[in-house]
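The values are calculated or read from the model by the stated rules, or taken from the named source; none is laboratory data. Computed from a predicted model, the values in this text were never measured in an experiment. Don't worry about glycine lacking a Cβ; one is built from the backbone with ideal geometry, like all the others, and counts go over all protein chains shown.
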Amino acid sequence: MDIHRYEYTKGRLFESEIPDQPMDLLKQWLEEAVGAGVTEPTAMCLSTVDEDGRPSARMVLLRGISASGLRFFTNYLSRKGSEIESNPHVALTFWWGALERQIRIEGQAVKISSEESDLYFYSRPLDSQIASAVSPQSQTLSSPSQIDEMFLAAKKEWGESVTRPEHWGGYDVSISRIEFWQGRPSRLHDRIVFEATEDGFLRSRIAP
């Protein structure tokens, strides 16, 4: 296999240009990813660990930003939901290749309130509500058509009256560590880390 060597040349990260609060920089980078036309700029890799210490990862969509963390929604009975239940320590990773940027986040996932989950669930398109309510996420299907048949049957039965199932809702990931990575030539990448303390976040630069 030929190995392609890509040279990163699109930016730098200087302390004088970095906000004091990491969430401000995350929002700035996210806006710039949207402006650059990145496909699914809110997509982030969620990594979890099961009770035996074995990791797994998948992409989820960012659906909210607060002063202390990030929000996503899922089926609580899915594999990721089961693993979070046994070990709430998770990692999130954004990768925006067009900007040669990466954000790595470590923290704990906590279920949000039923009221907050309802608010988001009912803001979604009707078909998305039905799909989330009917899908036995991560469970074995008997055929490729089974999930389509389940969806169509539920759509016929429920019409526009869909109830959010108790096993579907949101998590907030409270940040303990967040790293901003900007690619640079010769692999001399800029890496800025914020670590949570009792008094806020402590910022440092680490080697590439």
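Tabulated data
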item: Hits in segment 34-79 (condition: basic (Lys, Arg) and either in contact (Cβ under 8 Å) with a residue 40 or more places away in the chain or assigned to a loop (DSSP other than H, G, I, E, B) (or both)); result: 54, 63, 71, 79
item: Candidate set: segment 104-145, residues that are in contact (Cβ under 8 Å) with a residue 12 or more places away in the chain and of a type in the set (Asp, Glu); chosen: the one nearest to residue 92 (Cα to Cα); result: 106
item: Residues (surrounded by 10 or more Cβ atoms within 10 Å (Cβ to Cβ) and either in contact with a Phe, Trp or Tyr (Cβ under 8 Å, 6 or more places away or on another chain) or of a type in the set (A, V, I, L, M, F, W, C) (or both)) located in segment 1-13; result: 13
item: Verdict on residue 61 being buried (at least 18 other Cβ atoms within 10 Å of the Cβ) and under 20 Å from residue 172 (Cα atoms); result: no
item: Strands (runs of 3 or more DSSP E) completely within segment 112-208 that count 3 or more residues being under 22 Å from the mean Cα position of the chain (by Cα) and not charged (D, E, K, R); result: 168-182, 190-197
item: Criterion: assigned by TED's automatic domain parsing to the domain that holds residue 184, surrounded by 13 or more Cβ atoms within 10 Å (Cβ to Cβ) and of a type in the set (Ser, Thr, Tyr) - qualifying residue of 47, 86, 66, 56; result: 47
item: Flag for residue 31 being closer than 17 Å to residue 181 by Cβ, exposed (fewer than 12 other Cβ atoms within 10 Å of the Cβ) and out of contact with any Leu (no Cβ under 8 Å at 6 or more places or on another chain); result: no
